[in-house]
Every structure is written in structure tokens, then in C-alpha cells.
Amino acid sequence: SSSPHLNDALAQEAISYAGTRYSDLETLTPTHISSTLDGQTLTPGTYTESSGTFNLATSGPGTLTLNGAGQYVFQCSSTLVTGAGGIPTITLTGGATAANVYWLVGSSATINSGFPGTFQGNVIAEASITVTSGGTVNGSLIAITGAVTFAAATNVHSQASSLLGAAGSFAALANTTITNRSEEHTSELQSLTNL
């Protein structure tokens with residue numbers, strides 16, 4: 001069941017706060033890694049790639065392991081795509097939690113694009129976010145200027161990330177529309193809790 005906040009004060013505060021956090025996290029100095037996340041094991045830190053896109057499971061099943069307690073920030077200057085070619089898996093070990101994982105996406109994110117998997121972390125996209133094949137998202141999906149679209153039934157469990165403030169309580173938060181399969185909620189700004 002979903003509880004829409006249609007352009008209310010909480011939703012307005014949340015998306016503004018998310019935009020500020022995006023700007024803050026963007027200023028962190030990153031370590032450059034391969035844009036293909038399959039098979040990588042990372043410890044807490046800030047990561048980026050040179051191509052503009054992070055991919056997971058593009059040409060078959062793929063696993064990204066996050067190992068250790070602390071904050072993980074992925075700076076994707078353009079796009080994030082998971083699950084195009086197989087089941088995408090993000091494994092949390094050694095105290096890593098979805099609440100402390102942040103995906104900054106310069107344009108659009110496509111989660112579980114061809115295959116449903118379990119996505120870990122909070123996505124803050126400048127434009128839009130689409131969950132194509134359903135699956136599970138442990139985190140908040142925040143589209144600062146555009147829409148969040150669920151093309152298939154998706155379980156989203158917001159993690160109440162303290163860094164995201166009010167935005168951390170939302171499963172999905174969008175500036176334009178949130179489309180949940182055939183059900184579309186439209187307003188200037190809207191969000192869904194407990195999706």
C-alpha cells in the first residue's frame with residue numbers, strides 16, 4: 001500500500017534536502033574504478049568511473065560486494081544501469097548497510113533493467129529513475145527533476161538514512177510523477193512511502 005504526499009510540505013522539504021545532499025556528496029574526492037561493477041569488492045569510500053556510467057550485470061549475472069561498515073558513495077556523472085544481461089546482486093558484508101550506500105546519478109538510473117535483483121542503497125538522480133523488471137530495492141529512489149517509474153511490481157524498503165533527512169523516509173520521491181505499473185500519481189512534486 002502506498003501513501004502519496006502530493007506536493008505537500010514534507011515532500012517539498014524532502015526533495016530540497018535530497019538535492020542539497022547530492023551537491024554535498026558530489027564534492028567528495030573519489031577513487032576511480034572500472035565502470036563495470038561485476039566482481040568488484042569495495043570498502044567504504046567514494047567511487048567514480050571515467051565513462052559516465054556504472055553498470056552491474058550487463059552481459060550476464062553480476063555481483064558487487066560492499067565490505068565494511070561506513071559510507072559508500074558512487075558518483076555516476078551520467079547513468080546507472082543494473083541487470084541488463086543477468087541477475088544483478090549487491091552483497092553487503094562486514095557491517096555494510098544499504099542505508100549508508102548512495103548512488104549519485106547525473107541523468108537517469110535504470111534498476112533491474114532486464115532481470116529482477118536486489119538493489120542496495122539510495123539513488124539520487126538528477127533526472128529520472130526506472131525500475132524495469134521489479135525485484136527489491138533497499139533504499140530510497142529520489143528523482144530531483146524528473147519521474148520515478150516502476151514498470152513491474154517492486155518491493156521498496158526505505159532505510160531511513162539519517163544523511164537524507166526527511167527524504168530518507170520515502171520509498172520513492174519525484175519532482176514530476178511516480179508511475180507504479182498502471183497506477184500513476186501526478187503532481188508538481190510527489191512521493192510514496194511504504195511502497
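The values are calculated or read from the model by the stated rules, or taken from the named source; none is laboratory data. In this text, all values refer to a predicted model and were calculated from it rather than measured experimentally. Positions of Cβ are generated from backbone atoms using ideal geometry, with glycine treated the same way; all protein chains shown enter the neighbour counts. All accessible areas refer to the heavy atoms of the entire protein, side chains included, with ligands and DNA or RNA removed. Shrake-Rupley method; radii C 1.70, N 1.55, O 1.52, S 1.80 Å.
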Checked 99, 57 against criteria (over 13 Å from the mean Cα position of the chain (by Cα), in contact (Cβ under 8 Å) with a residue 60 or more places away in the chain and surrounded by 19 or more Cβ atoms within 10 Å (Cβ to Cβ)); the one match is 57
Screening 43, 93, 29 for residues that are within 23 Å of residue 115 (Cβ to Cβ), surrounded by fewer than 19 Cβ atoms within 10 Å (Cβ to Cβ), over 16 Å from the mean Cα position of the chain (by Cα) and of a type in the set (Ser, Thr, Tyr) leaves only 93
Worksheet entry | Yes/no for residue 121 being open to solvent by less than 10 Å² (accessible area, probe 1.4 Å), closer than 25 Å to residue 50 by Cβ, in contact with a helix residue (DSSP H, G or I) (Cβ under 8 Å, 6 or more places away or on another chain) and among the small types (Gly, Ala, Ser) | yes
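One line per residue, one yes/no per condition, for (1) in contact with a helix residue (DSSP H, G or I) (Cβ under 8 Å, 6 or more places away or on another chain); (2) farther than 26 Å from residue 166 by Cβ; (3) modelled with pLDDT of 95 or more; (4) among the polar types (S, T, N, Q):
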position	(1), (2), (3), (4)
14	yes, no, no, no
39	no, yes, yes, no
48	no, yes, yes, yes
67	no, yes, yes, yes
Filter region 126-135 for residues that are under 11 Å from residue 152 (Cα atoms) and in a strand (DSSP E or B); the one that is least open to solvent (accessible area, probe 1.4 Å) is 131
Only one of 17, 72 is more than 18 Å from residue 107 (Cβ to Cβ), open to solvent by 70 Å² or more (accessible area, probe 1.4 Å) and aromatic (Phe, Trp, Tyr), namely 17
Of the listed residues (23, 34, 50, 78), the one being touching a His at 6+ places or on another chain (Cβ under 8 Å), open to solvent by 40 Å² or more (accessible area, probe 1.4 Å) and at negative phi is 50
Residues of region 114-125 being over 14 Å from residue 25 (Cβ atoms), assigned to a strand (DSSP E or B) and of a type outside the set (Val, Ile, Thr), in sequence order, are 117, 119, 120
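With region 6-113 as the region, which strands (runs of 3 or more DSSP E) entirely inside it contain at least 1 residues that are of a type in the set (A, V, I, L, M)? Break it down into steps so the answer makes sense when it comes.
Numbers: elements: 45-48, 53-56, 62-67, 72-76, 79-82, 88-93, 101-105, 109-111.
Filter on region 6-113 gives 53-56, 62-67, 72-76, 79-82, 88-93, 101-105, 109-111.
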